[in-house]
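A.B. asks: The structure under discussion is supplied below as structure tokens; questions concerning it will follow.
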Amino acid sequence: MTSRSRVRIIGLGVLSALAFAAPASAARIVLPSDLTPDHYEIAVTPDAAHLTFTGSVKIDLTVHAATRRIVLNDADIVIDRASLAGEADAPQVAYDDKTETASFAFSHTLAPGHYALSLDYHGKIYQQASGLFALDYQTAAGSRRALFTQFENSDARRFVPCWDEPGRKASFSLTVTAPADALALSNMPIAETTPLPDGLARVRFQDTPKMSSYLLFLGLGDFERVHRDVGGVDVGVVVKRGDTARAEYALDAAAHILPYYNSYFGKPYPLPKLDLIAGPGSSQFFSAMENWGAIFFFESDVLVDPRVSTEADRQDVYVTVAHEMAHQWFGDLVTMAWWDDLWLNEGFASWMENKSTDQFHPEWKLWLQELGEKEGAMQVDARSGAHPIITPIDDVLQANEAFDTITYSKGAAVIRMFEVYVGPDAFRAGVRRYIAAHAYGNTVTDDLWREIDPVSPGKPLSGVAHDFTLQAGVPLIRELSATCEQGQTTLALAEGQFAVDAPTGRAATWRIPVTASVLGGGQAKAVVDAAGGRMSLPGCGPVILNAGQAGYFRSVYTADGLAALTSRLGELSADDQLGLINDERALAYVGEAPMGGFLGLGPRLDGKTDPIVWDQYAKYLADLDRIYSDQPGQPAFRAYVRRVLTPELARVGWDETPGEDANVAIMRASLLAALGQVGDPDVLAEARRRFMIFLVSASDHALSAATRRTVLTIIAQHADQADWDQLHLLAQRARSEVERQQFYSLLGRAEDPALAQKALDLSISGEPPPTVAPNVVDSVAIRHPGLALDFSAAHWAVISQLMEPDSRTQYAADLVGRGADPALIAKLDAFADKNVPASARGEVRRADAQIAYRARIRKDRLPDADRWLGGQGS
């Protein structure tokens, strides 16, 4: 998924050991292990108009230990009839809503052996991405409805009663009865279509391989499919009728990536077809889902429209396709045994998305861009409430919380560090061994290290990997001294921990792979632990502690070392420039370095600085401006932002120039966004001029795709009532669902609290599509987190129905996490006490810590920034 044990059956009644790195918690809520599914034969008939469906399933299962009950997962499904082959009496059915299970009690004991359980049932079709769900969209002929499924992490139980745990793999046979003119899609190709009366057809798909329940997929609608053969695999992109032109970009990406993955993993993609399926709408919590052979995407994450798609959109589509396709091996073919090891899916897919994209588009500099993702993970990892990469998960609500920046971005960052440490060839050899050994099975993280260690002699990975995956926290490498004699620099280092809050409990220690270099000289590698270390580097000059920035740690320099690097900032690689900015920002925010150290780097950036470094620095300034909101020093800070960013904007201009670096467009958007946010008068005037031309022009090209969203966002932020009404009209008249979603979200961006409240009221009016309405509230939260939370609390009965059931526990925490007002903590905790189960408050605790952190920056660090700014003159 793009944004959260295993049990292998070996013969009758024999279960392999669960290879957990740590014992499973006694509190873990899982199904009994006395029986397992082997094969599901499912038939469903959706009634899209009435949002209901009927179904039947025959489950071939194996009883491993004598039992009188069969227990499986069931949520919002009513069993109409149940029978066990060979049993005359029907079992008694009981439901447990808390554990989302149905149990079938028999009058006598079932001996170990093979059985077939048959169920007839009916359920509901949701209007959010959960279970079987409907997405409505507008066409020239009126409103249409398409059906899709979304089962990760634990919503297959809303489609079919089943063993809905990743470690209970089985094969699936799926049949759907649907309108004959609809295109039906699933994981496998269609095996047979049988015409039926009344314009219906029965479509049966080929059986799937053995896989986890959350990977099953069904799609149904007025679709078109563009496709091509890629190495014997039928690769296609499925879209609403009329959207095929927007699908070619993703199809090209998939055609590039599939052969690369076949080679890298050493095992060809095993299914006969691979579909990328686009659905209208959005979700608060994911953009795409890796269903095996039938990857689902929301349209904005897979389709490219020349009228509205930016360069960032194009890159994001490619990267998202790469992420979901990587899951076809890491996640689908080989699946984690339980949600504790979710990072085996998501961390690896996040790392591989960058590796594969960089293979085909090195000009995008994905590893440089990834430093922003790593920085976000480090900010979370350094605060209280952070969880280890491998973290105990007791129930499905906790599993939802694991789909976070630690699992994805920290996971990807440490994998990159591990690959650099053992070497790319050894790492790939270990991955190939892992895939070959565990295909169609389930694993825990140590299974991977056991395959890499033998092929990386002299650099065993397991110990280093345990340090970074089994404990939370951010390591720190401190430069103690750097002395140069006879052309060699001797570097003395100490290890520590970077923490935003005072660490609690035992201090963490790590074995840290470090690559250090001398600017203009050579580099050396070492593993530094709690005892510290010494390194000898070729050459004399300023030392870079994390050369290339592949290491997952903070770098702290001596005063002389930092001054030398700062004075020669332009000579550093782009990666090391951004690494220095990231470290100095983080240290300044916790009081370990002066704010002027971070702010003073901005004026040293120039026209030779890489666009991605400029992009990230502009985003940091915009975020700091939000912390400065309504503070006395904000006008001086905003003047500084204009002073730093305006010359670079003047150099690149508002519009694309022929032959410019693709990433200049990304930088330009961030420069304009930051300058628009701080109220630069020239930017506001030009944005309004372009907006007025857009309103009166009949041409789609009155605003170019490259600047369209930036202009509209600036207008939305500074909107008056007339502007807001114009944006509202544009939302109502949008030509595509992607545009409709964007315009409705813009309505929540207004700085004017009255207009923000108007957007909130609109969100629950029934006008925005159900999957889009929560985005409006989220947009309001960017500028008005307290207002958004108060509104959500007051209207929770309505708002909660607009999002996926299992994701509701995170929504309020996400709304206020960007705030800097400590009063938000009490509000969030009061909301959680009323609406969030105690077992699912990890995100609430992390949001509390983030708010407290941002509040401390406002209280304790902005005065230091004010003093520095006061000394800069005009």
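The values are calculated or read from the model by the stated rules, or taken from the named source; none is laboratory data. Owing to the predicted nature of the structure, the values given are computational and were not obtained by experimental measurement. A quick note on method: Cβ atoms are made from the backbone with ideal geometry, for glycine too, and the neighbour counts reach across all protein chains shown. Side chains are part of the model used for accessible areas, which takes the heavy atoms of the whole protein and leaves out ligands, DNA and RNA. Shrake-Rupley method; radii C 1.70, N 1.55, O 1.52, S 1.80 Å.
A.B. asks: Local charge sum around Arg511 (other residues, Cβ-Cβ under 15 Å, Lys/Arg +1, Asp/Glu -1)?
C.D. replies: My count for the surroundings of Arg511 gives -2.
A.B. asks: Enumerate the aspartates and glutamates that Lys58 could reach by cross-link, defined here as Cα to Cα under 16 Å, with residues fewer than 8 away along the same chain left out.
C.D. replies: Candidates past the 8-residue exclusion: Asp38, Glu41, Asp74, Asp80, Glu87, Asp120, Asp164, Asp207.
A.B. asks: Roughly how many debye, to the nearest 20, is the charge dipole of region 644-692 about its Cα centre, given +1 on each Lys and Arg Cβ, -1 on each Asp and Glu Cβ, and no other charges?
C.D. replies: So the dipole magnitude of region 644-692 works out to roughly 200 debye.
A.B. asks: Determine the dipole magnitude for the chain: charges of +1 sit on the beta-carbon of Lys and Arg, -1 on that of Asp and Glu, nothing else is charged, the reference point is the Cα centre, and the result goes in debye to the nearest 20.
C.D. replies: 840
A.B. asks: Now a separate question. Within the chain, what whole-number % of the accessible surface is contributed by carbon and sulfur, with the 1.4 Å probe and all protein chains included in the calculation?
C.D. replies: That fraction is 52 percent.
A.B. asks: Quick check on the chain: helices-only [θ] at 222 nm, where DSSP H runs of length 4 and up contribute -39,500 (n - 2.57) each and the sum goes over total residues. Nearest 500, please.
C.D. replies: That calculation yields -12000 deg cm²/dmol at 222 nm.
A.B. asks: Choose one of Leu580, Leu342, Leu132: the residue whose Cα lies farthest towards the positive end of the charge dipole of the chain (beta-carbon charges +1 Lys, Arg; -1 Asp, Glu; about the Cα centre).
C.D. replies: My answer, from the dipole projection, is Leu580.
A.B. asks: Can you give the log10 of the normalised intensity I(q)/I(0) at q = 0.04, 0.09 Å⁻¹, computed with Debye over equal Cα scatterers of the chain?
C.D. replies: Taken in order of the listed q values, log10 I(q)/I(0) reads -0.18, -0.95.
A.B. asks: Hey, what's the Kirkwood Rh for region 285-378 if you take every pair of different alpha carbons, in angstrom?
C.D. replies: It works out to 14.1 Å.
A.B. asks: Report the dimensions of region 532-619 along its three principal axes from the alpha-carbon atoms, largest first, rounded to Å.
C.D. replies: Each principal axis gives a Cα extent; for region 532-619 these are 36, 30, 24 Å.
A.B. asks: How large is ³J(HN,Hα), in whole Hz, for each residue of region 702-707 in order, when computed from phi with the Karplus curve 6.51 cos²θ - 1.76 cosθ + 1.60 and θ = phi - 60°, using x for Gly and Pro?
C.D. replies: Those phi angles translate into 4, 10, 5, 4, 5, 10 Hz.
A.B. asks: Now for a different question. For Gln488, list long-range residues whose amide hydrogen, built 1.01 Å from N in the peptide plane, is under 5 Å from its own amide hydrogen.
C.D. replies: Hits under the 5 Å cutoff: Gly539.
A.B. asks: Let me ask another. Distance between the C-alpha centers of region 191-253 and region 60-111? Whole Å please.
C.D. replies: 33
A.B. asks: Can you tell me the order of 187-196, 381-390 when each peptide is scored by its average per-residue count of other Cβ atoms within 10 angstrom, highest first?
C.D. replies: Top of the packing list down: 381-390, 187-196.
A.B. asks: Quick one: Karplus J couplings for region 575-583, per residue in order, coefficients 6.51, -1.76, 1.60, θ = phi - 60°, nearest Hz, x for Gly and Pro?
C.D. replies: Values, residue by residue: 4, 6, 4, 5, x, 5, 4, 4, 5 Hz.
A.B. asks: Amide H to amide H under 5 Å from Thr558: which residues, 5+ apart in sequence or cross-chain, H placed 1.01 Å off N in plane?
C.D. replies: Glu479
A.B. asks: Then there is this: What is the log10 of I(q)/I(0) for region 510-550, computed with the Debye formula using one identical point scatterer on each Cα and no solvent, at q = 0.20 Å⁻¹?
C.D. replies: For region 510-550 at q = 0.20 Å⁻¹, log10 I(q)/I(0) is -0.56.
A.B. asks: So, by mean Cβ neighbours within 10 angstrom, what's the order for 806-816, 261-271, 535-545, 599-609 with the highest one leading?
C.D. replies: 806-816, 535-545, 261-271, 599-609
A.B. asks: Provide the per residue accessible area, probe 1.4 Å, for the chain, rounded to a whole number of square angstrom.
C.D. replies: Value for the chain: 35 Å² per residue.
A.B. asks: Work out the charge dipole of the chain with +1 on the Cβ of Lys and Arg and -1 on the Cβ of Asp and Glu about the Cα centre, then indicate which of Ala255, Leu601, Ile59 is farthest towards its positive end.
C.D. replies: Ranked along the dipole, the leading option is Leu601.
A.B. asks: What net charge do the residues around Leu869 carry, taking every other residue with its C-beta under 14 Å from that of Leu869, with Lys and Arg at +1 and Asp and Glu at -1?
C.D. replies: Net of charged neighbours comes to +2.
A.B. asks: Continuing with the same structure: For region 278-302 and region 604-639, write down the distance between their C-alpha centroids in whole Å.
C.D. replies: 33
A.B. asks: Continuing with the same structure: Can you list residues whose amide H is under 5 Å from Tyr126's amide H, if they're 5+ apart or on another chain and H is modeled 1.01 Å from N?
C.D. replies: So Tyr126 has HN proximity to Leu132, Phe133, Ala134.
A.B. asks: Something else about it: Please give the net charge around Tyr620, taking every other residue with its beta carbon less than 13 angstrom from that of Tyr620, where Lys and Arg add +1 and Asp and Glu add -1.
C.D. replies: -3
A.B. asks: Straight-line reach from Lys459: which lysines have Cα under 25 Å away, leaving out those fewer than 8 places along the same chain?
C.D. replies: Correct list for Lys459: Lys355, Lys374, Lys410, Lys525.
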